[in-house]
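K.L.:
One structure, as structure tokens, below. Some questions next.
The values are calculated or read from the model by the stated rules, or taken from the named source; none is laboratory data. What you see is a predicted model, and the numbers here were worked out from it, not measured in a lab. Counting neighbours? That spans all protein chains shown, and the Cβs are built from the backbone with ideal geometry, glycine included. Keep in mind that these areas ignore ligands, DNA and RNA; they rest on the heavy atoms of the full protein, side chains included. Shrake-Rupley method; radii C 1.70, N 1.55, O 1.52, S 1.80 Å.
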Amino acid sequence: MARSPTLDELRRYAIARSLFKPVTLPAAIRRLGFVQADPMRAPARAQDLILFHRVRDYRAGELERRYERLGIEEDAFVNYGFMQREMLALLHPRTPRKPWDAATMERAREVLAFVQERGAVHPREVGETFVHHGRVAGYWGGELNASTRLLEHMHHHGWLRVRRREAGTRVYEAMSHVEQDESPSARRARAEALVDVIVALYAPIPSASLGYLVTLLRYGAPHLSVETRAVLKAARARYGHAMVDGTTWFWPADENPASRRHQPDEGVRLLAPFDPVVWDRRRFEMLWSWAYRFEAYVPAPKRTMGHYALPVLWGEQMVGWANLRMERGRLSHELGFAVTRPRDAGFRRALDEELARFEVFLKQEN
């Protein structure tokens, strides 16, 4: 039996297993299992920032440009994002926690017939055709066509899929999902597969964080909530685990966090706020002894790190954060540090190299 890892080994394992040697785009999506999406672009969308570190010669917007040819899907998991098409069989048919009323069901059927007739539709077309649906409050203020919101709900309910994006806007087509085996053993197997994706993506995971992520599965698989909770209760039998400094940590059973092969490189990485390495703020503070905050929705006067601060990883240390923006075709940056700025000349050199890579990555979209 392998010995329990130390906290230092868990930190190296967390970095090295997630920031693997860059591969092709399909291979990266397959290895990650799920890539969280976010519409905010500061300096690039979250999915692009995540893939930038894991895909050879990746350029901002490449996922959107190649989406139709990749055989992947946009859908809900623990958050909204991109996944392999095969994963849909674990998530659908999805039984929403709040069923539609009769009026909404009728509008949805009308919109579905329109989509089926057209083959693929932009929300603008649906909004113009079904303007009589009225308007509803937007998520971040203002208003939007009620039909646009309905399209999103139809997608979540499994009536539609995203066929492609046009300038960031989802273009939909009709979708249907095959009925699944609803026997207790089959439902348990799907729940296990979903929790396996969580563990593989975010390992090593503190027990409290694993519990929170399983709770978030109510978003993508509300109909399997009983089964996913049962998988959580049986986590010690299914996954590798150990008590380290008073916390139980979990990881895939066939991996060894204490292995010497988990060695982060010596470069600097500017990571997305939703990157798997930093997504879990609880784990972040355990591994690096300071609290990272995502402040995009915090009023500007109250921000301590900036609008879209990217954690700065140097080797195996998270030394601070960076805010980036493109100005007249050039990348500008502002840095903040958890303690003090590293004085090592190697940090300055590695930072310059990372900023140069970022500039190439971002210019492809501008």
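K.L.:
Looking at (1) of a type outside the set (Asp, Glu); (2) in contact with a strand residue (DSSP E or B) (Cβ under 7 Å, 6 or more places away or on another chain); (3) over 17 Å from Trp159 (Cβ atoms), which one does Leu112 not meet, given that it meets all the others?
P.N.:
Among (1) of a type outside the set (Asp, Glu); (2) in contact with a strand residue (DSSP E or B) (Cβ under 7 Å, 6 or more places away or on another chain); (3) over 17 Å from Trp159 (Cβ atoms), Leu112 violates only (3).
K.L.:
Right, next: Which is without any contact (Cβ under 8 Å) to a residue 60 or more places away in the chain and acidic (Asp, Glu), of Asp75, Asp57, Asp38?
P.N.:
Numbers: Asp75 fails: without any contact (Cβ under 8 Å) to a residue 60 or more places away in the chain; Asp38 fails: without any contact (Cβ under 8 Å) to a residue 60 or more places away in the chain.
That would be Asp57, the only listed residue that is without any contact (Cβ under 8 Å) to a residue 60 or more places away in the chain and acidic (Asp, Glu).
K.L.:
Check region 140-147 and report whether any residue there is open to solvent by less than 50 Å² (accessible area, probe 1.4 Å) and within 22 Å of Val78 (Cα to Cα). Step through it out loud before you land on a result.
P.N.:
Going through region 140-147, the residues open to solvent by less than 50 Å² (accessible area, probe 1.4 Å) turn out to be 144-147.
Those left that are additionally within 22 Å of Val78 (Cα to Cα): none.
Checking region 140-147: not a single residue is open to solvent by less than 50 Å² (accessible area, probe 1.4 Å) and within 22 Å of Val78 (Cα to Cα).
K.L.:
Across region 74-113, which residue is least open to solvent (accessible area, probe 1.4 Å) among those that are within 17 Å of Leu150 (Cα to Cα) and basic (Lys, Arg)? Spell out how you get there, then give the answer.
P.N.:
Initially, region 74-113 is screened for residues within 17 Å of Leu150 (Cα to Cα), giving 74-76, 80, 94-113.
Those still in the list that are basic (Lys, Arg) too: 94, 97-98, 107, 109.
Working: Arg94: 12, Arg97: 170, Lys98: 165, Arg107: 87, Arg109: 135 Å².
Filtering first and then ranking leaves Arg94.
K.L.:
Which one of these does Arg54 not meet: (1) open to solvent by 20 Å² or more (accessible area, probe 1.4 Å); (2) modelled with pLDDT of 95 or more?
P.N.:
(1)
K.L.:
Here is a list: Ala186, Ala203. Which entry is touching a helix residue (DSSP H, G or I) at 6+ places or on another chain (Cβ under 8 Å), aliphatic (A, V, I, L, M) and at pLDDT 95 or above?
P.N.:
Working: Ala186 fails: touching a helix residue (DSSP H, G or I) at 6+ places or on another chain (Cβ under 8 Å).
Of Ala186, Ala203, the one residue that is touching a helix residue (DSSP H, G or I) at 6+ places or on another chain (Cβ under 8 Å), aliphatic (A, V, I, L, M) and at pLDDT 95 or above is Ala203.
K.L.:
Give region 156-171 a look and list any residue that's open to solvent by 10 Å² or more (accessible area, probe 1.4 Å) and either part of a strand (DSSP E or B) or touching a residue at least 60 places away in the same chain (Cβ under 8 Å) (or both), or say none. Let's see the steps before the verdict.
P.N.:
First pass over region 156-171, keeping only residues open to solvent by 10 Å² or more (accessible area, probe 1.4 Å): 156-157, 159, 161, 163-170.
Result: His156, His157, Arg161, Arg163, Arg164, Arg165, Glu166, Gly168, Thr169, Arg170.
K.L.:
Does any residue of region 69-84 turn out to be touching a strand residue (DSSP E or B) at 6+ places or on another chain (Cβ under 7 Å), of a type outside the set (Lys, Arg) and more than 17 Å from Gln36 (Cβ to Cβ)?
P.N.:
No, there is no match, as no residue in region 69-84 is touching a strand residue (DSSP E or B) at 6+ places or on another chain (Cβ under 7 Å), of a type outside the set (Lys, Arg) and more than 17 Å from Gln36 (Cβ to Cβ).
To keep it simple, each residue is scored yes or no on (1) over 21 Å from Glu316 (Cβ atoms); (2) over 16 Å from the mean Cα position of the chain (by Cα).
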| site | (1), (2) |
| --- | --- |
| Leu10 | no, yes |
| Lys21 | no, yes |
| Val35 | yes, no |
| Asp38 | yes, no |
| Pro43 | yes, yes |
| Leu51 | yes, no |
| Tyr58 | yes, yes |
| Gly71 | yes, yes |
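K.L.:
Those residues that are open to solvent by 70 Å² or more (accessible area, probe 1.4 Å) and either in a helix (DSSP H, G or I) or modelled with pLDDT of 90 or more (or both), I need them from region 114-139; list them, please.
P.N.:
Listed by number, the residues that qualify are Gln116, Glu117, Arg118, Arg124, Glu128, Val131, His132.
K.L.:
Tell me, yes or no, whether region 30-43 has at least one residue that is of a type outside the set (Phe, Trp, Tyr), at pLDDT 95 or above, in contact with an Asp or Glu (Cβ under 9 Å, 6 or more places away or on another chain) and open to solvent by 50 Å² or more (accessible area, probe 1.4 Å).
P.N.:
At the first step, the residues of region 30-43 found to be of a type outside the set (Phe, Trp, Tyr) are 30-33, 35-43.
Cutting the leftovers down to at pLDDT 95 or above gives us 30-33, 35-37.
Pick out the ones that are also in contact with an Asp or Glu (Cβ under 9 Å, 6 or more places away or on another chain) and you get 33, 36-37.
From what is left, the residues that are open to solvent by 50 Å² or more (accessible area, probe 1.4 Å) are none.
Within region 30-43, none of the residues are of a type outside the set (Phe, Trp, Tyr), at pLDDT 95 or above, in contact with an Asp or Glu (Cβ under 9 Å, 6 or more places away or on another chain) and open to solvent by 50 Å² or more (accessible area, probe 1.4 Å).
K.L.:
Report the residue count in region 189-203 for those that are open to solvent by 20 Å² or more (accessible area, probe 1.4 Å) and of a type in the set (A, V, I, L, M).
P.N.:
The total comes to 4.
K.L.:
Right, something else. Which ones in region 330-366 are within 30 Å of Glu166 (Cβ to Cβ) and part of a strand (DSSP E or B)? Talk me through it step by step, then tell me what you get.
P.N.:
Filtering region 330-366 for residues within 30 Å of Glu166 (Cβ to Cβ) gives 330-332, 357-366.
Matches in region 330-366: Arg330, Leu331, Ser332.
K.L.:
Could you pull out every one of the strands (runs of 3 or more DSSP E) wholly within region 249-329 that has 1 or more residues that are of a type in the set (D, E, K, R), open to solvent by 20 Å² or more (accessible area, probe 1.4 Å) and modelled with pLDDT of 95 or more? Quick ask: steps written out before the conclusion?
P.N.:
Details: elements: 268-270, 310-314, 317-327.
Filter on region 249-329 gives 268-270.
K.L.:
Moving to a separate point now. Examine region 224-245 for a residue that is more than 30 Å from Pro96 (Cα to Cα), of a type outside the set (A, V, I, L, M), surrounded by 16 or more Cβ atoms within 10 Å (Cβ to Cβ) and out of contact with any Phe, Trp or Tyr (no Cβ under 8 Å at 6 or more places or on another chain), and state whether such a residue exists.
P.N.:
The answer is no; no qualifying residue exists.
K.L.:
What are the residues in region 330-360 that are in contact with an Asp or Glu (Cβ under 9 Å, 6 or more places away or on another chain) and modelled with pLDDT of 95 or more, if any?
P.N.:
Ala350
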